[in-house]
Amino acid sequence: MLTPTQVVILFVAVVLAAGLTFFVVKFLDRLRKVDAENAAKQIIERAEREAENKRKEAELTIKERALAQKAETEKELSKSRDDIRERERTLDKRQELLGQQEDDLRKQQKMVESNQRRLSERLEDANRRHEELGKLLEMQRQPLHTISGLSPGEASKRLLDSLEQELTQEMGSIIARHEKRIAEVVEQKSRDMLLTAIQRYAAAHTAESTTSTVDIPSDEMKGRIIGREGRNIRTFEKVTGVDVIIDDTPGVVIVSGFDPVRREIARQTLNKLIADGRIHPSRIEEIFNDTSKEIEVFIQKKGEEAAHEVGVHGVHPKVLYMLGRLHFRTSYSQNVLRHSIEVAFLSGMVAEMVGLDGDIARRSGLLHDIGKAADHELEGGHPKIGADILKRHNEKPEIVHAALGHHDEIITEYPYTMVVATADAASASRPGARRESLERYIKRMEELESIACGFPGVEQAFAIQAGRELRVIASAKDTDDMKAAKICRDIAKAFEEQLTYPGEIKVTVVRETRAVEFAR
């Protein structure tokens, strides 16, 4: 327990401690206040410095911008002043030019006025002379009208009619002369083109005809072909669709049928049966089916080979098959497929010579006789059948029209039709293209020459171009030009009366005088 003294001392100590603490706190507060004021002053001073710096920077920026703006303005002003000066110079030049033009116009105006005065004077002089001439003509015309008894209108009409008649005659003469010259040139050029095309394409003149005869080793084979009670031959004819003719001719059996493909299948079937020796109905059907498949493949291959040979691509397989069937078709002993290939080459050559598309011409020539592959199955001529087939398989209109009109049965709409028709005629009519017996050929040539040599004044006669042209050599002593022309006409007339021939025969009479001397 504390004593009063200790309590007093403790109290005093507490009071002193509290007082000391108060003074210390006050002192610290004062110090903090002083520090805060100093910091605030420093912040204010720093802020004022920064504000001053920014103000100075802003002033500098404003001054720089003002200087830049001033410089830009001065630059624009300088440019504007240069433009104004340039415009002033241009205006000065234009003004000078206008001044010169004005002077020129004044000079030209003076010249025009001077020319007008001169023209006016000349016009007056011309009018005066015209009046004088009119008076003179009138004075001369009156006696003429009095003498002729015609009025001015009648005289003018007669003069114009006379001039019109003379001009009409002269114009007709000129037109006829030019037409004759053009016809000669065109005929010569067309002949040259055809001869060139035929010469460039060298093909075999004839092709072997499809045969319908089958050789047999002995007459005993005929009985086996007929079979017991004729069942073999009946089966063969029923299956193949042809007629088998067995007569007394030794070693030969004839197969007859209108369809060349069917006839060829039957011929090969019969050959295989004869070679095999086993001839009975089932064997006939078996060999016929095998042969039919072989022929189908052969036909397709023939069509593809023909198109490849000519250089025609993109043909429908059905059309190629129809084309291959032409291998078994002949026309006057001329193989139709080889004829079509030849027409294709000739058409292409002729078309290229006249500036047409050779590919279209070759395609048209190759397919022009495609209707002959089906003319035995459908009604109508082969041109119409061929055109229908090509149209159905999306061929071009030029090619369809060439197949339809290559025999000149319709109005020609495309030039390729004429090209194909020309090539077709050249292929079919050239010497040796279609087979003719030698005796008949020689006899026809001799008839032509003998008829021509029977006329007086004819020395020699030569039949050329397979009998389509005759060259006659007339005697220069016994004939003149008028007689030679009459001989030519008489020979042509005699051919028309005495001979039967396809197409036409050209008769050419040549008469010339030759003088020969020798210098010794």
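Whether any residue in the stretch 318-330 is open to solvent by 50 Å² or more (accessible area, probe 1.4 Å), modelled with pLDDT of 90 or more and at negative phi is what I want to check. First the steps, then the outcome.
Looking only at the stretch 318-330, we keep the residues that are open to solvent by 50 Å² or more (accessible area, probe 1.4 Å), and these are 318, 327, 329.
Checking the rest, the ones that are also modelled with pLDDT of 90 or more come to 318.
Narrowing further to those that are at negative phi: 318.
Yes - at least one qualifying residue is present in the stretch 318-330.
Here is a list of conditions, (1) open to solvent by 50 Å² or more (accessible area, probe 1.4 Å); (2) modelled with pLDDT of 80 or more; (3) closer than 30 Å to Val420 by Cβ, and Arg224 meets all of them except one; can you say which number that is?
Among (1) open to solvent by 50 Å² or more (accessible area, probe 1.4 Å); (2) modelled with pLDDT of 80 or more; (3) closer than 30 Å to Val420 by Cβ, Arg224 violates only (3).
Within the stretch 241-274, restricting attention to residues that are among the hydroxyl-bearing types (Ser, Thr, Tyr) and modelled with pLDDT under 85, which residue is nearest to the chain's Cα centre (by Cα)? Talk me through it step by step, then tell me what you get.
Quick first cut of the stretch 241-274, residues among the hydroxyl-bearing types (Ser, Thr, Tyr) only: 249, 256, 269.
This time we only want the ones that are modelled with pLDDT under 85, so: 249, 256.
Values: Thr249: 58, Ser256: 46 Å.
Selected residue: Ser256.
If I ask for residues that are open to solvent by less than 20 Å² (accessible area, probe 1.4 Å), hydrophobic (A, V, I, L, M, F, W, C) and modelled with pLDDT of 85 or more, which ones from the stretch 352-379 would you list?
If we filter the stretch 352-379 for residues that are open to solvent by less than 20 Å² (accessible area, probe 1.4 Å), which is where we start, we get 358, 361, 364-371, 373-374.
Remaining after also requiring hydrophobic (A, V, I, L, M, F, W, C): 361, 366-367, 370, 373-374.
Hits for the stretch 352-379 are Ala361, Leu366, Leu367, Ile370.
Looking at (1) surrounded by fewer than 10 Cβ atoms within 10 Å (Cβ to Cβ); (2) modelled with pLDDT of 75 or more; (3) among the β-branched types (Val, Ile, Thr), which is the only condition Thr146 fails?
(2)
Please specify each residue of the stretch 346-362 satisfying the condition of being acidic (Asp, Glu) and not in a helix (DSSP H, G or I). Don't jump to the end; show me each part of the working.
Start the filter on the stretch 346-362 by keeping residues that are acidic (Asp, Glu), which leaves 352, 357, 359.
Residue satisfying the conditions is Asp357 alone.
Residue by residue through the stretch 503-520, note down the ones that are open to solvent by 60 Å² or more (accessible area, probe 1.4 Å) and in a loop (DSSP other than H, G, I, E, B).
Within the stretch 503-520, Gly503, Glu504, Glu512, Thr513, Arg514, Ala515, Val516, Glu517, Phe518, Ala519, Arg520 meet the criteria.
Looking only at the stretch 454-482, filter to residues that are of a type in the set (A, V, I, L, M) and in a strand (DSSP E or B); which one of those is surrounded by the fewest Cβ atoms within 10 Å (Cβ to Cβ)?
At the first step, the residues of the stretch 454-482 found to be of a type in the set (A, V, I, L, M) are 458, 461, 463-464, 466, 470, 472-474, 476, 482.
Still in the list and also in a strand (DSSP E or B): 458, 461, 463-464, 470, 472-474.
Details: Val458: 20, Ala461: 21, Ala463: 19, Ile464: 14, Leu470: 24, Val472: 23, Ile473: 16, Ala474: 24.
So the residue we want is Ile464.
Quick one: is Val343 in contact (Cβ under 8 Å) with a residue 60 or more places away in the chain, within 20 Å of Ala423 (Cβ to Cβ), out of contact with any strand residue (DSSP E or B) (no Cβ under 8 Å at 6 or more places or on another chain) and assigned to a helix (DSSP H, G or I)?
Numbers: in contact (Cβ under 8 Å) with a residue 60 or more places away in the chain: yes; within 20 Å of Ala423 (Cβ to Cβ): yes; out of contact with any strand residue (DSSP E or B) (no Cβ under 8 Å at 6 or more places or on another chain): yes; assigned to a helix (DSSP H, G or I): yes.
Yes; evaluated as a whole, the condition is true for this residue.
Would you call Ile442 among the aliphatic types (A, V, I, L, M), assigned to a strand (DSSP E or B) and open to solvent by 40 Å² or more (accessible area, probe 1.4 Å)? Steps first, please.
Details: among the aliphatic types (A, V, I, L, M): yes; assigned to a strand (DSSP E or B): no; open to solvent by 40 Å² or more (accessible area, probe 1.4 Å): yes.
The answer is no for Ile442.
Suppose the filter is assigned to a strand (DSSP E or B) and open to solvent by less than 40 Å² (accessible area, probe 1.4 Å); does Val261 pass it? Talk me through it step by step, then tell me what you get.
Values: assigned to a strand (DSSP E or B): no; open to solvent by less than 40 Å² (accessible area, probe 1.4 Å): yes.
No; evaluated as a whole, the condition is false for this residue.
From the list Lys301, Lys238, exactly one residue is modelled with pLDDT of 85 or more, open to solvent by 50 Å² or more (accessible area, probe 1.4 Å) and under 46 Å from the mean Cα position of the chain (by Cα). Which is it? Before the answer, list the steps.
Details: Lys238 fails: under 46 Å from the mean Cα position of the chain (by Cα).
Exactly one of Lys301, Lys238 is modelled with pLDDT of 85 or more, open to solvent by 50 Å² or more (accessible area, probe 1.4 Å) and under 46 Å from the mean Cα position of the chain (by Cα), namely Lys301.
Since Asp290 meets every condition but one in (1) outside any helix (DSSP H, G or I); (2) under 18 Å from Arg262 (Cα atoms), which condition does it not meet?
Asp290 satisfies every listed condition except (1).
Quick one: how many residues across the stretch 159-168 are at pLDDT 70 or above and open to solvent by 90 Å² or more (accessible area, probe 1.4 Å)?
5
The values are calculated or read from the model by the stated rules, or taken from the named source; none is laboratory data. On a predicted model such as this, the values are computed, not experimentally measured, just so you know. Here Cβ is always computed from backbone atoms with ideal geometry, including for glycine, and neighbour counts include all displayed protein chains. Please note that ligands, DNA and RNA were not included when accessible areas were found on the heavy atoms of the full protein model with its side chains. Shrake-Rupley method; radii C 1.70, N 1.55, O 1.52, S 1.80 Å.
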